[in-house]
Each structure stands twice: as structure tokens, then as C-alpha cells.
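Participant: Pasting a structure below so you can have a look.
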Amino acid sequence: MTPATTIPAAIAELLERHGQTTSRREFLRTSGMLVVSAGAAAFAGPFATSVSAQAAGPYPDPNFRQLDSWIVIHQDNTATFYVGKTDCGQGTGTAFRQMMADELDIAYASTTCVMGSTDVTVDQGGSGGSDAIQTDGWPMRRVAAEARRVLLEMASSRFGVPASALAVSNAVITVAGDSAKRVTYGELIGGRRFNVALTGANIDATTGVAKVKPVQDLKIVGQSPQRYDIPAKVDGSLKWAVDVKLPGMVHARNVKPPVAGATLVSIDESSVRGLPGFVKVVSKGNYVAVVCEREEQAIAASRQLKVNWQKPATPQLPGSDNLFTFMRNAKPSSSQGPTIVGNPDAAFSSAAKVVEAEYDFPFQGHTAIGPAHATADPSDGQMTIYSNDMKSYGMRNGVATFLGMPREQVRVVWMEGPQGYGRTAADDAGFEAAYLAREIGRPVRVQWMRNEETAWDTKGPAFTFKMRGALDAQGNLVALDYQARSADYCHLGYNEADTVLISQLMGTRRATPAAGSAATPSNMYAIPHTRTVAEVVPLPLVWETPIRTGNLRDPNGPQSTFAAESFIDEMAAAAKADAVEFRLRLLTAGTSDDSGFKRARSIAAIKAAAQAFGWDTRPSPRPVGNGPVLTGRGIAYTFRSQTVVAVIAEVEVNRETGRVWVKRLACGHDCGLVINPEGLRRTIEGGMLHSVSRALHEEVAFDTEKVTSVDWNTHPTLTHADAPERIDIVLVNGDPNPNRPDLPHYGAGETSCKPTIAAVANAVFDATGVRLRRVPLRNARVLAALKAARV
């Protein structure tokens, strides 16, 4: 597909990519995007300006206040939904189809879904914040309900009966009491526009006249149809973003500074000019890239290109071995708090027992299994970027700003790929491809190498914590002092023209970096006296550094929950109380206001996880046995937005090698109305496994000049050999019968990531009696702790 292709053909390719096999001719014949029926005026669909061979661009924004921008009914009585989200592999596209098909009263199998391509879908922001179901699902449901209402009105006019006398099922409308009078959606409007205006102050508020169905009337929601994207991923037929091939396309590799803060002195282009396929060396500021006709040629040229760099006069990084000492001694650049409830000083003074502890959490990277990549086509004065970046609309805006192009001349075609769950290097690759394509005047494909992906991708920030808790004579937690510091001074946003790596290397500087934050605990514990302080500290180098911080799945949540829930476990152990009972006591003491509503759901989630696991009530740690393998279990609980989750981990700790194996996981999860139970379970599983990897393996190692963890050996990740043998998940508000049918659908993409690391650490303590307060729990660290404690 090239930009000169007409928009309907582009949509046909998107449909094929998303699992609907259709030729361009068939698409044009059946699509509601184009009228071909006799006597009807042909029109360009809601995303095109002409049905003839259309000049490339402009790419106007689809109008979210037009029903035709969301739904197309085809003459074969099928429907295509156009939504402004992207699917990072969790099956949200399937859930969107379920919700919209249910409201439209059409069979799920008769629908398709096109997502995330900026010229054909409304701008719902792409993915992020686990808001796809919780927030964006509502306008999807409302516009589908409105389409159903309009179709019923059409049938009412055709049959001369009120709409209330009609019934609809699987896109077929019948007159009550006269089944011979029937008409399909395709017969009513297939090949034609709705021409119905919607209302809403913004896209999230988009609505029509119709109301969504009550939960009791939903038939497809709550079922688990097969995800439409899985078969093509299994059989290898899916077209990934990495697979894009365009006529005249060339390949590029960048040459990054060898050490943090290095300055480009000179480039010897003659060192690669004679190589096969060489096209050009492109450089600006400290950005260097080499372009060749073939990918392997670009790789060879990037390795052979002679570049002279000047190192900075002083080291720019503290080194990961010295990181936490550096952070504790650094002067904060910003601070939140102290936030004080009650009188913590008095509570600590009168306490029967006071416990203090410090926790450390390192930088962790996305380290996607496939390095960052993108392809850009500059044909005919426009710019089309093929990317798996989860925020395609932001990329469109950012690239337009970066290149100084009108945004109407830029589009991003979203395709599936490995980069996801936060601010990844996919942002950076898309900007690089667009810049190089403009410089070369040909389509350019950019792909980072493995060492670049692991070293230079955006990192979740490192944290240090200082905790203090007070128990009264009855073993109740009466005071909590929480102090957190994060190394998140320059927190990168998504697709920002002035902070993407290529822009930084070219010398762009913000006057003031956008600082991140040091997160506070997310729990509903009723602790009468608390003090909370959250500070941010800077590293010596702010710009052009491989230690770039940004959102990593559930930003800052696993870090803060690791410290908070580990410490709650320490307080339970100090009180000689069972870890589950201790938490339930803290939750039961809560009020009955709106916070009490979430507390009740928190209690239910903890009890569900404990029952599924078969929790035995006793204090931790358990008596240490004499064998080579020690076994323990630990729990952690939290919430994210309106979703609550409790995770229990069972571990085996090899006292001879230090290896921790997470043998089993159990989870109680409440995200309100469940759209697809099977898809939700797999999402929860994936989140927990991701966090097990972060708990046991993942850490960014660096010296004073560069990142040293650059491959799967130096930056290991979870493997099949590490996988638990059993995972139990209880959907507290799920099938077969929701216990709260009044609850809306909340987000679930990240919540299970949040408590899992703490649950694993608490299980290790239960097994060994040794409290490890720094992750990851790699073999050597665990073994050293066991030896120090003589376990």
C-alpha cells in the first residue's frame, strides 16, 4: 500500500490485516463506505474526499460526532467497527467487538474491527492507562446502541408500524406477530451512510439518543468468543509492523553515542561509501544514521562507519552498584508532602513496637522481544508511518511537529508488534523513520539492534523507600510513615517532538524537564496515623542518556506496592499475625463511605484469592526445614483506579543455589463487569508473569558511562523453565454470576502487575525467614542473603 492508494483500498488492507479476507473490489462493492446501488448517489466515505484515484493526503480527522465514523453496515449484513484504540496483545479488539455487537444486536462473527490507524479511525488516544474498556468502551457502546435505534426507525418506516412493535436479533428486524415481515440491516442501509449526527463535548462523551442496554440484556458480553487475532499469529500469516515492504524502500541503522554524554566530532563517510548498497550517511547534532538498500547492508555499514566521539570530562552516571546510595544522598528536585493524617509522631511515641525498613527497586526496561522498528513513506509530499506504537495518534501529532509538516499531511497506520505497555522505543523509531524518509526522499525502514533496545529503551524509574510502622499492645497497626524517592527527574511523555531520542541527540532541550513522581501506596487500609512523603531526585545527566525514564507497565505501581505490601507483611510478622488476617483487619476497620465501597470489594478479592489458594492461617515465617528446598507463600493486595486485586504466590527457594521458583499463583480480581472472561484471565496471567520476571530477573545494570546489560544474558527475563506449574484466577465479579451486576466495566490491563512482586518477596520471607528488600531476587542475591542469615 502506498499513499497514492485510495482510502477505501487502504481500509480494505486494514480489514485483511485484522482477519477479514476481502478483495479491494469486493470491499468497494459491499462497503457502506461507498454507494454502488442503482439510483443512489455515490459518495466518498467518512474518511475519504474522493472515490476516484485520490491524491496522497490530506488526511482529515474522522469526525467522532458522525455515526458513520464509527460503524459501517455492509450489504452482506455484516458490520465493521472503527475505533481509536490499539491492542497490545490482550484481546481488547475482541472485547470491543463484543460490546458493540451486543448493543447493535448483531452476531459477533458478523463483525470486524479496525483500530488505531489515524486516517480511518476516530482519535481515542490509542492504548494507555488501562482505560480501553473502562473509558473508551462507553462511547463505543453508545454509538452502537444509536445505530440500532436508527435501523429500527428505518424498519418502522418501511413496515408502517411503531418501532416498539419490532424485534431484532442477529441483524434481522421482524414485525412482532408477523415473521414474514422481516428485513436485514444490510437491506436497510448496506452501501449507504447513516448521516446521523452524534453529540458530546469530547470523544469520551460521544452519544446518540439511544441508551445502552442494562447488564441483564447483554448476551455477547460475558461470553468468551475466540480472539480473532490469535489464529494468524499462530500460523504466521499476520502482517506485523516489522513486515512492511514498500516499493523503493531502503533500510537504516543508527549509530548511537558509545557513552552517555558523548559529543560527535567527525564522521568518515569514506569508511562505508564503497560498501554494497550504500545510500547515505545522515547526521545532525549527535544523531547519526546510515542508509542502505538492504537491511544486512545497513547493519554492516553501521558497524564499519568510523565516527569520532568526544567523551564528557566527568562520568555522567552514578553506576547501578552505587545507585541507591546516590539517590538517598541526592538533593530532591521536587517533593510531594508530607501528607499527614492524625498525629503520627504521638502514635510512634506511645507505640508498643516500632518497625523500620528500607527498600530498593532498580531501573527496569521494556526490553521488548522484538527491537523497536518503523517504516515511513514520504511519497507525494505527505508522510505515512507504519508502526506498532500504541499511541498512533500522538505519533501523528508529534511527527508533524518534529518535521514542521501540517498534521493533515501525516498519518500513522497502526499494525501489531512487540512494543507495548508504556512509553517504549517504538516512539523513537517512528520519528527516526519519518525524519530519514524525508531526508532520503524514499520509504525508509528503521530497526534498532538488540543491544540498542535493551540499553537505550525507556526505563521504569528506580525507587528507594524508607518505611516505619507502629503497633499498639494489641498488635494493631496504628501509625505508618512512608517515604519514597524516585530517579524520575526527566519523565518522557508519549511521542513528544522535543523529547524523543532523535530530537534530544539533535540538540533539542526543554527549558524544564517534565518530572515524574514517587508514587504512594494504593490500598484501602484504615491506619489512623500516617505520614507520606514522595520525592524525585535527578541523575547527573538529563538529556541524551540511556537511562531515560518513562511509563513502564503500571507506572510506579509495582515499585510502590513492593515496598508498601512487603512492609505490611513485616508489620504482620512483628504482630505475630497471619498475613491475610492482618490485612482483613485493616480493611474491616474502614468506614462505610465511598472508600468503604472499595474496601468491601478489597476484602472480597483477598478472601477469593485465599480460598482459591487454600491459605492456612498462621504467622510468617514458617519453621525452616532441613532439606535443600524451602517452601513458602506470600500475599499482596492493591487497587488501580476502580479495579482491586489480591495475589498469592507460592515459592520454592533452593538454599544451595539461591534460585527462587514461583511454583504457583492465585489471584482474586474484581474489575466490575467482565466483557470476556477467558480474555480477562489471560490478561491477568500475563500481567502476573510479567511481574514475576521483574521480581526474579530484570534490572538495568550500568557503569559510570553506559548501560552494561545489553542482551538476554546480562539482562535475563522469565523463561518457560521459570513458569509456575499452576495459576488460579477468581473473577470476583465474573461468570457464571456477577455478584455486583450494577458495577460498570473497569480496566484490567495492568492491575495484576502491581502486587505480584511483593507477593513473591513475601513468600520468600515465609519460606526462609530472610527479608529481601531489594529486587530482583536473582540467585546470587538470594544465596548471599541466606548465607548471611545462616539459613
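Participant: Could you list, in their original order, any pairs among LYS256/LYS306; LYS353/LYS754; LYS219/LYS598; LYS353/LYS576 whose Cα atoms are separated by more than 21 Å?
Facilitator: Checking Cα-Cα distances, LYS353/LYS754; LYS219/LYS598 exceed 21 Å.
Participant: Throw me the Rg/Rh for the stretch 64-234, computed over C-alpha atoms with Kirkwood Rh, two decimals.
Facilitator: Computed over Cα atoms, the ratio is 0.96.
Participant: Right, here's the next one. Modelling each spin label as a point 7 Å along the Cα-to-Cβ direction, I'd like the GLU295/ARG618 distance in nm, to one decimal.
Facilitator: For GLU295 paired with ARG618, the spin-label model returns 5.4 nm.
Participant: Put +1 on the Cβ of each Lys and Arg and -1 on the Cβ of each Asp and Glu in the chain; which of ALA666, PRO162, VAL782 then has its Cα farthest toward the positive end of the dipole?
Facilitator: Value: VAL782.
Participant: Write down the accessible area per residue of the stretch 180-283 in Å², having rolled a 1.4 Å probe over the full set of protein chains.
Facilitator: For the stretch 180-283, the per-residue accessible area is 51 Å².
Participant: Could I ask something else about it? For ILE230 and ILE369, what does the FRET efficiency come to when R0 = 22 Å and r is the distance between their Cβ atoms, rounded to the nearest 0.05? Don't skip to the end; give the middle numbers.
Facilitator: Values: r = 17 Å, r/R0 = 0.79.
It comes to 0.80.
Participant: Here is a follow-up. If packing is taken as the mean number of other Cβ atoms within 10 Å per residue, what is the order of 414-421, 782-789, 519-526, 162-169, highest first?
Facilitator: 414-421, 519-526, 782-789, 162-169
Participant: May I ask you to give the average projected area over all directions of the convex hull of the Cα atoms of the chain, in nm² rounded to one decimal?
Facilitator: Details: hull surface 143.4 nm².
Directional mean of the projected Cα hull area for the chain stands at 35.8 nm².
Participant: May I pose another question? Ignoring ligands and nucleic acids, what accessible area does ILE547 show with a 1.4 Å probe (Å², nearest 10)?
Facilitator: Solvent-accessible area, nearest 10 Å²: 10 Å².
Participant: With just the Cα atoms defining each centre, how far is the stretch 297-318 from the stretch 562-582? Give it in Å.
Facilitator: If we compute the Cα centre of each part, the gap is 49 Å.
Participant: Determine the relative contact order of the chain: mean sequence separation of Cα pairs under 8 Å and six or more apart, normalised by residue count, in whole percent.
Facilitator: Answer for the chain is 13 percent.
Participant: Mind jotting down the distance between the C-alpha centroids of the stretch 650-717 and the stretch 57-73, whole Å?
Facilitator: 40 Å
Participant: Tell me, what is the per residue accessible area of the stretch 419-531 in Å², probe radius 1.4 Å?
Facilitator: Accessible surface, normalised per residue, equals 26 Å².
Participant: Further question: Just for the chain, what percent of DSSP beta bridges are antiparallel, to the closest 5?
Facilitator: Antiparallel: roughly 75 percent of the beta bridges in the chain.
Participant: Something else about it: Could you tell me which residue out of VAL234, VAL354, GLN316 lies farthest along the dipole of the stretch 233-378 toward its positive end? Charges go on the beta carbon: Lys and Arg +1, Asp and Glu -1, centred on the Cα centre.
Facilitator: Of the listed residues, the answer is GLN316.
Participant: Given a Förster distance of 30 Å, report the FRET efficiency between ALA473 and ILE340 from their Cβ-Cβ distance, rounded to the nearest 0.05.
Facilitator: On the way: r = 24 Å, r/R0 = 0.79.
In this case the efficiency is close to 0.80.
Participant: ALA780 versus GLU439, label points 7 Å from Cα toward the beta carbon: distance in nm?
Facilitator: Here the modelled spin labels are 3.9 nm apart.
Participant: Give me the log10 of I(q) over I(0) for the stretch 294-373 at q = 0.13, 0.24 Å⁻¹, as the Debye formula computes it from C-alpha points; what are the numbers?
Facilitator: Once normalised to I(0) and log-transformed, intensities are -0.86, -1.22.
Participant: Suppose every K and R has +1 on its Cβ and every D and E has -1 on its Cβ; what is the size of the dipole of the stretch 64-234 about the Cα centre, in Debye to the nearest 20?
Facilitator: The dipole of the stretch 64-234 has a size of about 320 debye.
Participant: Another one. Calculate what fraction, in whole %, of the accessible area of the chain sits on carbon and sulfur atoms when a 1.4 Å probe is rolled over the protein chains.
Facilitator: Answer for the chain is 50 percent, counting heavy atoms of protein chains only.
Participant: Have a look at VAL644, SER283, ALA101 and report the one farthest towards the positive end of the charge dipole of the chain, computed about the Cα centre with Cβ charges (Lys/Arg +1, Asp/Glu -1).
Facilitator: The one lying farthest along the dipole's positive direction is VAL644.
Participant: Something else: Provide the gained length on full extension for the span LYS353 to GLN310, in nm with one decimal, where the gain is 0.36 nm per separating residue minus the Cα-Cα distance.
Facilitator: The LYS353-GLN310 span can extend by a further 9.9 nm.
Participant: Turning to a different aspect of this structure: Under a 1.4 Å probe, what is the accessible area of the stretch 676-746 per residue, stated in Å²?
Facilitator: So the stretch 676-746 comes to 44 Å² accessible per residue, rounded to a whole number.
Participant: Also, I was wondering about something else. Of all chymotrypsin sites (Phe, Trp or Tyr not before Pro) in the stretch 173-278, which ones are in loop regions per DSSP and have a Cβ with at most 13 other Cβ atoms within 10 Å?
Facilitator: Sites meeting the loop and neighbour criteria: none at all.
Participant: Of all trypsin sites (Lys or Arg not before Pro) in the stretch 469-578, which ones are in loop regions per DSSP and have a Cβ with at most 14 other Cβ atoms within 10 Å?
Facilitator: Hits after loop and neighbour filter: ARG509, ARG510, LYS576.
Participant: Relative contact order for the stretch 64-234 using alpha-carbon pairs under 8 Å, separation at least 6, rounded to a whole percent?
Facilitator: 31 percent
Participant: Let me have the 222 nm mean residue ellipticity of the chain computed from DSSP H runs of 4+ only, each contributing -39500 (n - 2.57), with the sum over all residues rounded to the nearest 500.
Facilitator: It lands at -8500 deg cm²/dmol.
Participant: Quick check: net charge around ALA155, other residues with Cβ under 13 Å of its Cβ, Lys/Arg +1 and Asp/Glu -1? Before the final figure, lay out each step's value.
Facilitator: Values: positive: ARG148, ARG149, ARG158, LYS181, ARG182; negative: ASP105, GLU153, ASP178, GLU187.
Taking every Cβ under 13 Å from that of ALA155, the sum is +1.
Participant: Considering only DSSP beta bridges with both partners in the stretch 465-567, what is the antiparallel share in %, to the nearest 5?
Facilitator: Percentage antiparallel, nearest 5: 40.
Participant: Just how large is the dipole of the chain about the Cα centre, in debye to the nearest 20, putting +1 at every Lys and Arg Cβ and -1 at every Asp and Glu Cβ?
Facilitator: For the chain, the charge dipole is close to 480 debye.
The values are calculated or read from the model by the stated rules, or taken from the named source; none is laboratory data. What you see is a predicted model, and the numbers here were worked out from it, not measured in a lab. Note: ideal-geometry Cβ built from the backbone for every residue, glycine included; neighbour counts use all protein chains shown. Just the protein is used for accessible areas: all its heavy atoms, side chains included, with ligands, DNA and RNA removed. Shrake-Rupley method; radii C 1.70, N 1.55, O 1.52, S 1.80 Å.
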